[in-house]
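Every number in this text was worked out from the coordinates using simple rules, so none of it is lab data. Predicted, not measured: the structure shown is a model, and the values here were computed from it. Please note: Cβ atoms are built from the backbone with ideal geometry, for glycine as well, and neighbour counts cover all protein chains shown.
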Amino acid sequence: MGKSVVLWVLLMTGFAAAQPAFDVASVKPSPPPEGDLININLGGASHGVVTLANTTLSECIRYAYGLANEDQIAGPDWIRDRHIRFDITAKAPPATPPDQLLAMMQTLLAQRFHLVLHREPRRIPHFELTVAKNGPKLPAAPGDGPSVRRYYEKNRLSYTHVPMDRFAVLLSRVLGQPVFDKTALKGAFDVELDWTPDDAAPAPAETDSAPRPDIFAAIQQQLGLKLEASKQPVEVLVVDEAEKVPVAN
């Protein structure tokens, strides 16, 4: 074996060793659904164990790279095809930090799906979350802890220990467009946000309660933040290569 080949092997071995990786991982196609309902887990982590269920490859990429919206992913149509779904369970030490788990998931997708992608700026509809003129009205969350949703309602976001980048992701799901955190607020906060959805039925004329504002006004009135549409280019992940059948476990 020539010196150049030996050097290439050593470099590639060192590169692979430097990539954060799970201790063990299972990646397999999801079985056909039973009935009309599909239980989808878009990604969650607990004590070092990351699970995704019935997710498309696009949804896996979105989780691994912490993207607010799938509009930030470009690639072949099949990566969004609900007929091509995957179940992933990956394990790391229980104390592994969340950002390290995401880096491990990126490595896993590259290894199992031969995923190759690049980043490029594109103009897509999106919102930017900033601090309003009179400053934020968000109580800082005491101590450490995971983000916990306190209520499950269509027109209410109620979370403890939520950082602003995570809150921006939650807003993106409500609005159906990417939301990017531009507040520069550090740490975690307890968030209570109530608004009237666009498709809400008109309140009865005899009611004495004041109508709740739409989500844009509610964010400013209740949280001291501002949500504005932006036309600035945003970074998009472009899938160059990917395999429909993941490498066997």
(request) Measure off 7 Å from each Cα along the Cα-to-Cβ vector at TRP78 and SER26, then give the distance between these two points in nanometres to one decimal. (result) 2.5 nm
(message) Suppose the chain between ASN134 and VAL238 were pulled fully straight at 0.36 nm per residue; how much longer would it get relative to their current alpha carbon spacing?
(response) 33.5 nm
(request) Order the peptides 240-248, 62-70, 153-161 from the highest to the lowest mean number of other Cβ atoms within 10 Å of their residues. (result) 62-70, 153-161, 240-248
(request) Would you calculate the separation in nanometres between label points at GLU70 and ARG119, each defined as 7 Å from the Cα along the Cα-to-beta-carbon direction? (result) 2.3 nm
(request) Lys and Arg at +1, Asp and Glu at -1: add these up for the other residues within a Cβ distance under 13 Å of ASP165 and post the number. (result) 0
(request) Using 0.36 nm per residue of separation minus the Cα-Cα distance, give me the extension gain between GLU153 and GLN177 in nm, one decimal. (result) 6.7 nm
